[in-house]
Amino acid sequence: MLKHKIEGYFRHVDNIRIMYKEDKTDIQDILDKCNNLMPKLKITLEKEEENKINFLDVTITKDHDNLTSDIGNQQPLTSSY
């Protein structure tokens, strides 16, 4: 993984976030290698859109070299039984 120039790796249970620079990292190669390690486990890729990406309940925004985060404001789940 070191050859791919990954700048950050964050994991929470089954959620993984990898920070990388597109001009230095072949993210598709990383994804293919991870999926080939355990064929029964399927890892998917979600890229940022408009400099934003969600990770768990947090929206992370990139502005030049700065990252900001905003905690989601989800409505609580209510159920009637």
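The values are calculated or read from the model by the stated rules, or taken from the named source; none is laboratory data. From a predicted model like this one, the values you see are computed outputs, not experimental measurements. Please note: Cβ atoms are built from the backbone with ideal geometry, for glycine as well, and neighbour counts cover all protein chains shown.
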(message) For segment 53-81, give me each residue that is under 23 Å from Lys21 (Cβ atoms), among the charged types (D, E, K, R) and modelled with pLDDT under 85.
(response) Asp65
(request) Assess whether Ile53 counts as being outside the structural domain of Ile71 (by TED's automatic domain parsing), β-branched (Val, Ile, Thr), within 9 Å of the chain's Cα centre (by Cα) and assigned to a strand (DSSP E or B). (result) no
(request) May I ask you to list the residues in segment 25-50 that are among the hydrophobic types (A, V, I, L, M, F, W, C) and under 16 Å from the mean Cα position of the chain (by Cα)? (result) Ile27, Ile30, Leu31, Cys34, Ile43, Leu45
